[in-house]
1. Would you calculate, for the chain, the mean residue ellipticity at 222 nm contributed by helices, counting each DSSP H stretch of 4 or more residues as -39,500 (n - 2.57) and dividing by all residues, to the nearest 500?
2. Counting Lys +1, Arg +1, Asp -1, Glu -1, what net charge surrounds THR44 among other residues with beta carbon under 10 Å of its beta carbon?
3. Please compute the length gained on full extension between MET294 and ILE99, using 0.36 nm multiplied by the number of residues separating them and subtracting their Cα-Cα distance.
4. Return the long-range amide H neighbours of ILE270 (sequence gap of 5 or more, or a different chain), with a cut-off of under 5 Å between placed amide H atoms.
5. Please list the non-local residues whose amide H lies under 5 Å from the amide H of VAL162, H modeled 1.01 Å from N, same-chain partners needing a gap of 5 or more.
6. Could you list which residues have their amide H under 5 Å from that of ASN139, counting only those 5 or more apart in sequence or on another chain, with H placed in the peptide plane?
7. Using R₀ = 56 Å, calculate the FRET efficiency as 1/(1 + (r/R₀)^6) where r is the Cβ-Cβ separation of ARG320 and ASN139; round to 0.05.
8. Can you run phi through the Karplus equation (6.51, -1.76, 1.60; θ = phi - 60°) for the range 202-217 and list ³J(HN,Hα) in whole Hz, with x for Gly and Pro?
Amino acid sequence: LPVPFLLLDAPGTSGPDAAINAVDAPPQVPFGSAITVVLNVSSTRDGPAGIQVRQAPGLTTTIEVDLVKDQVSRVRVPLGFNSPGFHELEFTVSMPGDINPANDRRRAIVNVEGPTTILYVTVKPGTAVAESLLAGGWNLNIVRPGHFPQVLPLLPSPATVVLDDVAIGDMPEPAWMALTESVRTRGTGLIVLGGQRSFGAGGYLNSTLETALPVTSEAGAPMSRAAVLFVVDKSGSMGRGPRDATPFGLAKTAVLAATRLLGEHDHSGIIAFDIDPETWLPLADRDDPPASVMDAWKDAPSGGTRIAPALVAATGQLGRARVDQRLLLLVTDGFAVEDDYTDVLAKIDEYEIDVIALAIGDEPAIDVLKELTSRNDGLLLRVSDVAVLPRLVSEAVGARRLTYDSSVTRPRQERQLPFFSDNDKPWPGLNGYMVTKERSNARVYLRSERGDPLLADHDFGLGRVVVLPGGLGAYAPSWLDWPAWAPFTGGLVEWAGNRFGNARCRPMVTGKSRTRPGYV
């Protein structure tokens, strides 16, 4: 007899079967980054499917896709993370009539590193960059240079140090040594922003900091020739004070530091005076100006003070010098007797001499010094703390030896910035910048119209060092209204602190609009 039977489909032999075959997700990403997870999805039939993405309880989204029979589709899933730590991601594909749910689900774990700590070092809190980073939710600590040595050892990793127009004299030498060592061995990122107290004007040339920079504080193109004559008061009052910290002793340190900023064709000289002037070092072109200063200096301050005869001798020497620029740097703490300065002022005008006067203490000849420094690019500085004398002299000389270009320049791009999407658009102009010269291993991204680096970086040990000789402050007012200010500034600090990071990951900073913290 015929036996009746029922024909059944074996499991998995009919009906659609959609599957997630693999998940490609980065195991570790910086905080604030946006990533793309790639799913390999296949199906035994053509048709629409949904992919459910679960990042956390209550945070689930669904992506609609069209699958093709017997083909692997690469589905890209963009994701962002609002908190550090380990994040479990779950992806589930669903297709009507799916007969095999066992291959529908895949998981991945992503470790989101904590936010980069930024140590922002500045003598003037409230800068545009600092305010933007704070408003954008960055982990920002603003410190004055004097507090930097105490804070640096507490920095975690990753971390970035931003120096905003900081001079070498603002911090002791051990602090600079500790900073460069942290960059070299710990991978601390370093950004150096230019300003009137930085690079050549800030005493960077041949300093410990400069060894870590991708540029040196000198001109790449030939500089004009200058004559710098130091006129130093050696009266008895200049010798008062603690040993090794008298005004006269610090004046020696200041002159030595300033001569290191001079070019190989510059002239230098020293006139010391009490009642009468004495030429210690005639104005001339020297192979080693600092060594000549050491040989000529006489540590024996004594006598009274009379400024006019010293200025007559100084302007005479400067007038005879065949140079493009003439600087007279006067250091004194004395009174001015009733002298006639008419001829001296006439020579200052005739020879276009820039007079830089540093008036020490409370009783120098201020009225006379004001008159002397009111011409050309003169400068009068009152010095109440003689310990800062070397820094002030270096800054005054460095700023006038063409370490600063005051012309308006439009940056031109030399190579693509890896963290920035608007590379091909015009860059906002700068009202000036500190003149530097790139090292052989530097990567220069922006240059001035005359070819000087405006944005450069290099690798220093484990860390990245980035310099912007024009800064992002007084020389760059138009940058604050630049539509790309936020992504550029945020990308810059993240890039500096994450040498091997994903160039697509760019935390947002806020500009004048004060938008809420977010990601771009």
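Computed from the coordinates by the stated procedures, all read-outs in this text should not be read as laboratory data. The structure displayed is predicted, hence computed values, not measured ones. Every residue, glycine as well, gets a Cβ built from its backbone with ideal geometry; the counts of neighbours run over all protein chains shown.
1. Result for the chain: -6000 deg cm²/dmol, rounded to the nearest 500.
2. On the way: positive: ARG45, LYS69; negative: ASP17, ASP46, ASP70, ASP98.
Charge balance in the 10 Å sphere: -2.
3. Result: 61.1 nm gained on full extension.
4. The list, which skips near neighbours in sequence, is PHE230, TRP280, LEU281.
5. Answer set, sorted by chain and number: LEU119, TYR120, VAL121, ILE191.
6. Hits under the 5 Å cutoff: ILE118.
7. 0.45
8. x, x, 6, 4, 6, 8, 4, 4, 4, 4, 9, 8, x, 9, 10, 8
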